[in-house]
1. By the gyration tensor of its Cα atoms, with a ≥ b ≥ c the square roots of the eigenvalues, what is the shape of the stretch A:369-469: rounded for a/c under 1.5, prolate for a/b over b/c, or oblate?
2. Taking 30 Å as R0, compute the FRET efficiency from the Cβ-Cβ separation of A:Ser7 and A:Glu127 and round it to 0.05.
3. Based solely on its DSSP helices, what 222 nm [θ] is calculated for chain A when runs of n ≥ 4 H residues each add -39,500 (n - 2.57) and the sum is averaged over all residues, nearest 500 deg cm²/dmol?
4. Have a look at the DSSP beta bridges in the stretch A:5-285 and tell me what percent are antiparallel, nearest 5.
5. Using the basic label-point model (7 angstrom from Cα toward the beta carbon), what is the A:Glu283 to B:Glu118 distance in nanometres?
6. Report the normalised scattering of the protein assembly as shown as log10 I(q)/I(0) at q = 0.08, 0.10 Å⁻¹, calculated by the Debye formula with identical scatterers on the alpha carbons.
7. Please name the residues of the stretch B:498-537 whose accessible area, counted over protein heavy atoms with a 1.4 angstrom probe, falls by no less than 30 Å² between the chain alone and the full protein assembly.
8. Output the 0 to 90 degree angle, nearest 10, between the alpha-carbon long axis of helix A:443-455 and the longest principal axis computed from the alpha carbons of chain A.
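The values are calculated or read from the model by the stated rules, or taken from the named source; none is laboratory data. Treat the numbers as computed from the prediction; the structure is a model and nothing was measured. Positions of Cβ are generated from backbone atoms using ideal geometry, with glycine treated the same way; all protein chains shown enter the neighbour counts. These accessible areas exclude ligands, DNA and RNA; they are computed on the full protein's heavy atoms, side chains included. Shrake-Rupley method; radii C 1.70, N 1.55, O 1.52, S 1.80 Å.
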2 protein chains.
Amino acid sequence: MTTLGDSFHVYDTTLRDGAQREGITYSVTDKLQVARLLDGLGVGFIEGGWPGAMPKDTEFFARAASGELELSSAKLVAFGATRKAGVKVQDDPQVRALLDSQAPVVTLVAKSDLRHVERALRTDATENLAMVHDTVKHLVDNGRRVFLDAEHFFDGFAHDPDTALRVLEAGVTGGADVVVLCDTNGGQLPLGLAEVVADVIARTGFRVGIHCQDDTSCAVANTLAAVQAGATHVQCTANGYGERAGNADLFAVVGNLVTKLGMPVLPEGAVGELTRVSHALAEIANIAPDTHQAYVGSSAFAHKAGLHASAIKVDPLLYNHIDPEVVGNGMKILVTEMAGRASLELKGRELGVDLAANPEALTSAVRKVKELEAGGWSFEAADASLELLLRDELSELDAPPFTLESYRVVLDHRSDGEIGSEATVKVHVGGERVIATAEGNGPVHALDGALRKALLPHLSWLDAVKLNDYKVRILSGDGRDADGAGGTEAVTRVLVNSTDGEREWTTVGVHGNIVEASWLALCDALAHKAVHASALV
Amino acid sequence: MTTLGDSFHVYDTTLRDGAQREGITYSVTDKLQVARLLDGLGVGFIEGGWPGAMPKDTEFFARAASGELELSSAKLVAFGATRKAGVKVQDDPQVRALLDSQAPVVTLVAKSDLRHVERALRTDATENLAMVHDTVKHLVDNGRRVFLDAEHFFDGFAHDPDTALRVLEAGVTGGADVVVLCDTNGGQLPLGLAEVVADVIARTGFRVGIHCQDDTSCAVANTLAAVQAGATHVQCTANGYGERAGNADLFAVVGNLVTKLGMPVLPEGAVGELTRVSHALAEIANIAPDTHQAYVGSSAFAHKAGLHASAIKVDPLLYNHIDPEVVGNGMKILVTEMAGRASLELKGRELGVDLAANPEALTSAVRKVKELEAGGWSFEAADASLELLLRDELSELDAPPFTLESYRVVLDHRSDGEIGSEATVKVHVGGERVIATAEGNGPVHALDGALRKALLPHLSWLDAVKLNDYKVRILSGDGRDADGAGGTEAVTRVLVNSTDGEREWTTVGVHGNIVEASWLALCDALAHKAVHASALV
């Protein structure tokens, strides 16, 4: 299966429009890394930023041009604006910066809504058309391929279709070869948007692209509706990053185009990389991946309903809209109260633990999981603790890396208003008895600090292990969620997410005492690392 | 503007399908609270769960029927399955449980894909039709209104349209008055889905509803496309909670129906509550709100783009798809719905605190709320703490019922494996200095016990006050929801729900130390009761 080549463009703007998302600040090195990952995926175009307007973007293009970024198939795109009103295009420094960026493709943003021309650009319709035409022509004359982003197109077209179409025409007569209709404010719905796209194509015959924002939660659907109406160029961002509610998510758009509309928009093999690349890009953006994201989320194929588990095992495709492996994702069985043998065996396989060969261990593991879950444990989000439990049933675990003798935590709210937490642990590790004390900003922090202090001289791998996230849930005494009776007498469930810089894992601890529950989850986190550290030796 | 009444159904299934989301475990008290919030929003139907199948759901319906849940406009719905194959409907205990729930409406799930009938139900098409017809008729004969959820409808219809339509017909001849087409595996796109919906309506004339999952990231768009094709009943969940990628988000669907399609599907005034209710429901689900959620996310109208800043100031509607206040959201980074003067004044009125007469106190309260929320406090679900804050600004508070000198909590995990918690408090109450010590099954329990011991001889009303529920959320150091950065060094927010047997109230405490955060929330809980106890005298 070959791709559609230049006849269909997957155009990524993670580095420009995606960077508008609150909380994202890419360094130039980050940007280079993002571009490499996107190129590896086989997207056609990577919009790198706005050289001349943003110093970091100017540097990005300079470093890319100097050989730091070797793209195998994608074309690098510089984003910019048309010349200023009343200025010759040759004299406009912003336009010169676009040429200086050496990007082979330039996407020019143009106002297609007269209200914006007048109120934001403070010029008139005629000058606006000249600005579009002159700038496109100047860039094309200098050997660049030009796409025209028609900003606020749908609002402009609804308000005054002729003006909006004339802006597109000014771009195309200047030499632009795609006009991109932008739902800049994100207010469109698919059926109406598809009508406009079809109408524009019918009236102009231009090659049309689409750029959608997610303000109605329809960015992906709008993008697909535009393609079904004839658009052959889709602008997206990784994980839908973008201003306000974000942009159309590249992974959902591509997933849908390939698996639902049968369009080979990425090279063979690349679709199976979607999940990995999505997570890697979240890592670079320093944003926790959305576990419920379509196609690539870690829960996108997670099934909780225990009652269907046996049916799922027989015929997983009856319960999934696609085979998760197509997009490099996996089916996840959530172990809940209703877990049976089938789902636990499946889950074990997912965790690399083979229970099929040992039916007694499986029986015993099912019993143990049910007992624990009746007492408030939950392995749904704590794969690492479940893996330890299963390996223990199979007698695959070595002795634990350390044993606890005792700990004590003291919390003080003193009469001067000072609040302190101090923990002392006594542990046995590497044949020695070690006592260590640490302060912290809370009981668990102090306990974690004391434990690290005690163990670090003996367990060198501990240095890389960090706590990522810590979640607490209060349950009533019988292990169900607190129901009017429990209050502070309830049982506490703690989830700890840890990382060693390469992998992440989650462990669980449950106890009436929140500190002991945290302790149990911390111990599992270290035990999990110990298993995998020794496996690597 | 009146609503569409029974001619259009906003049907919420947060409590049943939404609870399938990984990580959500509602207690019965949570479920009652969720139902009250949804009723306040004016949705038509609230699906409460599956009585008979889930003990917690059976209890929820029992408590609802006993008067704990007074709905002002919504109808409570019990979800369930058709009778088992080969069993008389009168003898099926699951069907009896639906009647026993006393819910006036029942939504029955029926298989409309023959492959599922054969492989999951292990019966044949004829018996499946009889199961649907018998069960609907039995429920209708017993005075229930019945909706039919046609599971896997779109896959079934594509595979064998006649079989799928016959299932709908079996429901309608039995007396069901809406047939709900379910995209159970979530694989549909809007244009194709709209065609099927229109086709089904044209062929059958039945009243059609729609239930979409978000596996293609199109659940909201699919729901709207179905409405545009003639569906008059939409099934959604708050914030799109649900299995795998989730369900159609109630807030985006309603926001779109009202602001884009001009359909008054909620009572006047309710649309302005969407943001507040969305956040309160996230709080109850103990899931960090999605800041980039359409319409209701705190960043849904946040603008980063420096280039437009001045234009936005002049004419904000040019840069937003709607006026954010329509959905109770704000254009800037929104702290909560109460960040502004008007909404805080309104909220005060709701709590019986009149701020209108005292503009300085209002100004000062707005500033204080903003400061506290920037530090991680949240009053969205803690009305009682907010009321105290407002009364304090108006100098309406008497001296607090007691003052703290100091406390100390000691937690021991001893070498014999025993785990103990002991707290000592030193307080001033009724003109005396009192020292009291108590043990507990955790630090907060011990502290609560010691405090009660110290205060009870002096504050007789304390005896009736009980802790109902206790929730903990970990936030990163800057007070925003932890995004992988915090770990045990983060800030902790504690919500305490208390009752005196007649009323319930919720208070909040925030601190780096979880015990101190709990202490602050406990103190507010008692201070709130003190205000209301003295008011009653």
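1. Here the stretch A:369-469 falls in the oblate category.
2. Numbers: r = 35 Å, r/R0 = 1.17.
Efficiency, rounded to the nearest 0.05: 0.30.
3. -11500 deg cm²/dmol
4. Numbers: 1 of 35 bridges.
Roughly 5 percent of the DSSP beta bridges within the stretch A:5-285 come out antiparallel.
5. Between A:Glu283 and B:Glu118, the simple spin-label model gives 4.5 nm.
6. So the normalised log intensities are -0.89, -1.35.
7. B:Asn513, B:Ile514, B:Glu516
8. That works out to roughly 70 degrees.
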